[in-house]
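Enquirer: One structure, as structure tokens, below. Some questions next.
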Amino acid sequence: MKKIFVLTLIAGFFTTATVFAQQDKTKRASPPAIVKETIKSGATVTIDYSQPALKGRAIGTELAPYGKVWRTGANEATVFEVDKDVKVEGKALAAGKYGLYSIPGEKEWTLIFNKTWKQWGTNYTEADDALRVVVKTGKAPAVSEKLTFSVDKAGKVTFVWGDKAVAFNVK
């Protein structure tokens, strides 16, 4: 009986240690990042994501394959949050949290705001889409090893990765 008790305690200790280690996002290969900005319309835009790195791989083939849904980040789904109703590229998006997915392309990307935001990044269901917009792919001002989002006061949201820049307007 004592052996079972001791083994149970040991197993519990290792399980607890493993859970806490998995929850420490700063130790992941793709570190967490958050950008937050109150834009001109008064809405606050928050993007909570993990930053995948190129590590010599190519966007469109080895990473974020062209023509396929991608989680627009790493690890959990990237969370796009607005605290007021907004328009994204002129289309209505209600206040709330969304999983931000995309369909990368050489010349344009489809951005997807999905109602299911609290999930592992690869669990995408199209039926839960709240909004889709198509934007042009641009050239980044400098090559960025890690995916990086920015939001300016005018409501322009941009993410750069490698030599790619994808931007969309939130008003």
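The values are calculated or read from the model by the stated rules, or taken from the named source; none is laboratory data. Note that the structure is a prediction, hence the values are computed from the model and not measured. Methodologically, a virtual Cβ is constructed for each residue, glycine included, from the backbone with ideal geometry; neighbour enumeration extends over all protein chains shown.
Enquirer: Condition first: of a type outside the set (Asp, Glu), modelled with pLDDT of 95 or more, over 15 Å from the mean Cα position of the chain (by Cα) and outside any loop (DSSP other than H, G, I, E, B). Can you find one or more residues in the stretch 36-51 that meet it?
Expert: yes
Enquirer: Kindly check whether there is at least one residue in the stretch 92-101 that is closer than 25 Å to residue 42 by Cα, more than 17 Å from the chain's Cα centre (by Cα), surrounded by 15 or more Cβ atoms within 10 Å (Cβ to Cβ) and not aliphatic (A, V, I, L, M).
Expert: To start, the set of residues in the stretch 92-101 that are closer than 25 Å to residue 42 by Cα comprises 92-101.
In the following step, the residues that additionally are more than 17 Å from the chain's Cα centre (by Cα) were identified as 92-95.
Still in the running and surrounded by 15 or more Cβ atoms within 10 Å (Cβ to Cβ): 93.
Adding the requirement that they be not aliphatic (A, V, I, L, M) leaves none.
So far as the stretch 92-101 goes, no, none of its residues is closer than 25 Å to residue 42 by Cα, more than 17 Å from the chain's Cα centre (by Cα), surrounded by 15 or more Cβ atoms within 10 Å (Cβ to Cβ) and not aliphatic (A, V, I, L, M).
Enquirer: Which of (1) crowded, with 16+ Cβ neighbours inside 10 Å; (2) more than 20 Å from residue 58 (Cα to Cα) is the odd one out, the single condition residue 147 does not satisfy?
Expert: (2) is the only condition that residue 147 fails.
Enquirer: Okay, moving on. Hey, does the stretch 102-117 have a residue that's over 27 Å from residue 163 (Cα atoms), out of contact with any Cys (no Cβ under 8 Å at 6 or more places or on another chain) and touching a residue at least 40 places away in the same chain (Cβ under 8 Å)?
Expert: Checked the stretch 102-117: at least one residue is over 27 Å from residue 163 (Cα atoms), out of contact with any Cys (no Cβ under 8 Å at 6 or more places or on another chain) and touching a residue at least 40 places away in the same chain (Cβ under 8 Å).
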